[in-house]
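In what follows, a structure is listed as structure tokens, so that the remarks can point back to it.
What follows is calculated from the coordinates using simple rules that are stated; it is not laboratory data. Since the structure is predicted, the reported quantities are computational estimates derived from the model, not experimental observations. Methodologically, a virtual Cβ is constructed for each residue, glycine included, from the backbone with ideal geometry; neighbour enumeration extends over all protein chains shown.
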Amino acid sequence: MTPQESFWSRAKKHITDFIYGMASHEMARHALKTRGSMEHLFILITMGDMLGVPILPPYYSLRLLPYVVPQISTWKRRMLREKDLTDALA
């Protein structure tokens, strides 16, 4: 590869990164944030009895337990964290 081709390939990469940043970076971040909140809501519905929120019968919660175990500690921390007005604005 000649230095000229290398320059053009780097320039093309920088331009595509710039366009991605302008066009879809915010959408990608919003999608990840939405996915995280939906996962936490799912865990609340299935494992809510750990916090005293009985929503589903324990039988179904126990059936889903193997899939939820890796996320339980972070979910408990997030649900039991004190929240104030600034958290709602973010």
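Placing a label point 7 Å from the Cα of residue 74 along the Cα-to-Cβ line, the residues of the stretch 29-49 whose backbone N sits under 20 Å from it are 29-48.
Of the options (i) 0.95; (ii) 0.99; (iii) 1.29, only one is Rg/Rh (Cα atoms, Kirkwood Rh) as computed from these coordinates, and that is (iii). Of the DSSP H helices in the chain, those that are both long (alpha-carbon extent of 18 Å or more along the helix axis) and hydrophobic (Kyte-Doolittle mean at least -1.0) are 3-23, 25-47.
If each DSSP helix of 4+ residues adds -39,500 (n - 2.57) and the sum is divided by the residues in the chain, what number results at 222 nm, nearest 500 deg cm²/dmol? Mind dumping the intermediate values first?
Numbers: 5 runs with 69 residues, N = 90.
Only helices count here, giving -24500 deg cm²/dmol.
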